[in-house]
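Engineer: One structure coming up, written as C-alpha cells, with questions to follow.
The values are calculated or read from the model by the stated rules, or taken from the named source; none is laboratory data. Bear in mind the structure is a predicted one, so any value in this text is a computation, not a measurement. FYI the Cβ positions are ideal-geometry reconstructions off the backbone, even for glycines, and counts take in every protein chain you see.
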Amino acid sequence: MRAGPVLALAATLGLAASLAGAAPRGAAPATSNAPGLFAGYSYAEAGDASLHGLGLSGSYPLGVTLSLVLDLSGHDGSFAGADFGQLGLMAGARWTPSSGRFRPFAEGLLGGVRTSVSVDGGDVRVSDADTDWGLALGGGLDYGLNERWALRALFHLRFLHGEGAWDTDPRLAVGAVFRLGR
Amino acid sequence: MKRRMLLSWVMAVIAAVVTGGCGSESPTAPSAGGVVVQGVVLGGGASSVAAADTQTSAAQAKKVTVKVDGTSLSVDVSASGTFQFTGIPSGTFTLVFLADGVEIGRVVVTAEEGSEVKIVVQVTESTLVVVEIKVESREPKDATTSSSCVVNGGKAGERIELEGTVASGSSTQFDLTATGRSSADVVVNAGSASFKCNGSAKTTSATECKASLKTGSRVHVRGTLMSCATAQVTAIEVMVQK
C-alpha cells in the first residue's frame, strides 16, 4: 500500500477508541483479562502483492487492561508470475479498555517479516529471501460467545523497512479466541 | 449506545474500503485503458539462481526505482520487491531500472492496448537481468490473428527460442537472421539479458562474452516475443556459440 497510511492508521485507532467508548460500561464483564490464544484466517499485502494465510497469536495479561502479545502469521500468494511466501513474527502490547461481551482493543507490535520470492523461468529457478523489520499498529474487536470462546476481527498496518524502502502494508484477520484460566 | 457502535462499524468499514483501495493505487495517475505492468525485483536479500548443477548468490539492498522512459511515470519498488504501473500508453516502451538513482538496466517492452505485462528481474551488484517477461492480452485473440502472429512457432507475448546469426547491431540490440525464417530479421533487445559463451570461449566471463558479440556471431536467443509485425524479441538469455 503506497498511499493513505496516515488515514488508515487514524481510522484504525479511531475504530478502537470509538468502540471502546461505545462498549456498554455497565455490562458485567464476561471474563477478566485472561491469557488467550487466537487462530484464524489472515490476509496481508506485501507491496503490491495480495497474500492469504493463517494468523496465530497468544496474549498474557500484564494488568487489568494491558497484555503482552506474541503474533505469528504465515501468508502466500503470487504476483507478476512470482510466488510469494511470507512469515511474520511480532511481539508487543495490547490495550483492552473494556471487558464486556464486546471487547475492542488496540495494539502495537515490533518484529520482522521474512518474505521469500521465487520464479520458475523454464530451466532456471530464481529465488530470493529477505527479512524486513518494523512495527504493526492496529486494533480489533472480540465478541465473547461465552467465558472461554470469542470471535475476533483485527486490522494491522505494518510499517516495514527493506531494500531502501518503507512499505505500509495492511493486514486483516478473523478467527476464534480461546481464553485460558478465569 | 447501539447506534453509536453501529456507526463506528460503518465508519470502520468505509475506512477499510478506502485504505484497501489504496493498495492497488499507482502513484503514476493511471488513466483508463493503456497497459498494465506488474513487476518483481529480486535481489534485495539473499538470492540464488539454480540452473542444473550451478548455483550463484548475490546480496545487496539498494533502493530500486522503475521509470517509463520518455514519460513522467516512475515508481519506487516496495520493500517486498514489487512494483506496478497502470495506464502506460500501448506500443513499444522502455522500462528503466535505477538502483539508488543510478541506471542499472533497460527493458524494451511492446504491448497492445489493454494487455498486462508481467516481468521479473534480478538485481545483482549493479546489473539487471531479466528472469521472465510475459505479455498477456486481456481479450483473447481470434484464431486468425493468433496464427498470423507467429515467429518460428512462437506467439506474441510468450516465450520463444531462436537460433541464428547476428546481422547487425550491438550486444544491447541486434538484428538476428533466424534459422528457418525466410522473412525479415528479428530485432533482439538484449540490454538486460544474461550472456553466455560456449564452445571455444566457454571460460569467458559474461562481460567478455557480451563484448565478443559481433556481426556474424552464431547465437541462441531465449526470450519473449514482443511483437510479430516487426518480429521483436526481448531476450532473457543470449548464448553465443562462437
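Results for (1) modelled with pLDDT of 80 or more; (2) more than 14 Å from chain A (Cβ to nearest Cβ); (3) touching a helix residue (DSSP H, G or I) at 6+ places or on another chain (Cβ under 6 Å), shown as yes or no for each residue.
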| position | (1), (2), (3) |
| --- | --- |
| B:140 | no, yes, no |
| B:160 | yes, no, no |
| B:176 | yes, yes, no |
| B:190 | yes, yes, no |
| B:209 | yes, yes, no |
| B:212 | yes, yes, no |
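Engineer: Mind checking which residues of region A:70-96 are touching a Leu at 6+ places or on another chain (Cβ under 9 Å) and of a type in the set (A, V, I, L, M)?
Structural biologist: Passing the criteria: A:70, A:72, A:82, A:87, A:89, A:90, A:91, A:93.
Engineer: Just for region B:74-111: of the residues that are within 14 Å of another protein chain (Cβ to nearest Cβ) and part of a loop (DSSP other than H, G, I, E, B), which one is surrounded by the fewest Cβ atoms within 10 Å (Cβ to Cβ)?
Structural biologist: In this case the residue turns out to be B:101.
Engineer: Kindly indicate the residue of region A:19-59 that is touching an Asp or Glu at 6+ places or on another chain (Cβ under 8 Å) and either assigned to a loop (DSSP other than H, G, I, E, B) or of a type in the set (Val, Ile, Thr) (or both) and also modelled with the highest pLDDT among those meeting that condition.
Structural biologist: Among them, the one singled out is A:47.
Engineer: I'd like to check something: does region A:97-104 contain any residue that is within 11 Å of chain B (Cβ to nearest Cβ), surrounded by fewer than 22 Cβ atoms within 10 Å (Cβ to Cβ) and in a strand (DSSP E or B)?
Structural biologist: yes
Engineer: Run down A:153, A:129 and say which single residue is part of a strand (DSSP E or B) and touching a Leu at 6+ places or on another chain (Cβ under 6 Å).
Structural biologist: That would be A:153, the only listed residue that is part of a strand (DSSP E or B) and touching a Leu at 6+ places or on another chain (Cβ under 6 Å).
Engineer: Kindly establish whether residue A:117 is within 22 Å of residue B:124 (Cβ to Cβ) and facing chain B (nearest Cβ under 10 Å).
Structural biologist: When the stated conditions are applied, residue A:117 passes them.
Engineer: Looking at region A:130-153, which of its residues are at pLDDT below 90 and either within 13 Å of chain B (Cβ to nearest Cβ) or within 26 Å of residue A:86 (Cα to Cα) (or both)?
Structural biologist: A:130
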